[in-house]
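The values are calculated or read from the model by the stated rules, or taken from the named source; none is laboratory data. Please read these numbers as outputs of a predicted model, since none were measured by experiment. For neighbour counting, all protein chains shown are included, and Cβ atoms are generated from backbone atoms with ideal geometry for every residue, glycine included.
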Amino acid sequence: MEQKKITSLDDLRRIRERSRDLSSARSGGGTTVIVGMGTCGIAAGAREVLEEVMAELARRDLRDVAVQTTGCIRAD
């Protein structure tokens with residue numbers, strides 16, 4: 001992805017608005033799904049779960065759901 005230089009205050013404002021839009025699901029009232037992608041999670045099928053979660057969100061056109069990955073969740 002090509003990075004463009006910020007040449008005006010309007011450019012900076014557009015970037016700020018885009019950043020707010022992208023982070024609103026995380027900080028707002030939206031839902032966050034966290035998938036453990038550590039070695040143990042991947043061995044247990046986390047990659048397939050992540051792909052299916054993303055596909056289902058797209059099928060249902062759910063835009064207020066944030067999907068995050070994390071390392072080992074230590075579910076001993």
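Residues being in a loop (DSSP other than H, G, I, E, B) and either touching a Cys at 6+ places or on another chain (Cβ under 6 Å) or hydroxyl-bearing (S, T, Y) (or both): count how many of those fall in segment 31-71.
Of the residues in that region, 1 qualify.
Please count how many residues of segment 31-68 are exposed (fewer than 14 other Cβ atoms within 10 Å of the Cβ) and touching a helix residue (DSSP H, G or I) at 6+ places or on another chain (Cβ under 7 Å).
2
Checking the structure you have, find out if any residue of segment 40-49 is of a type in the set (D, E, K, R) and at pLDDT below 90.
no
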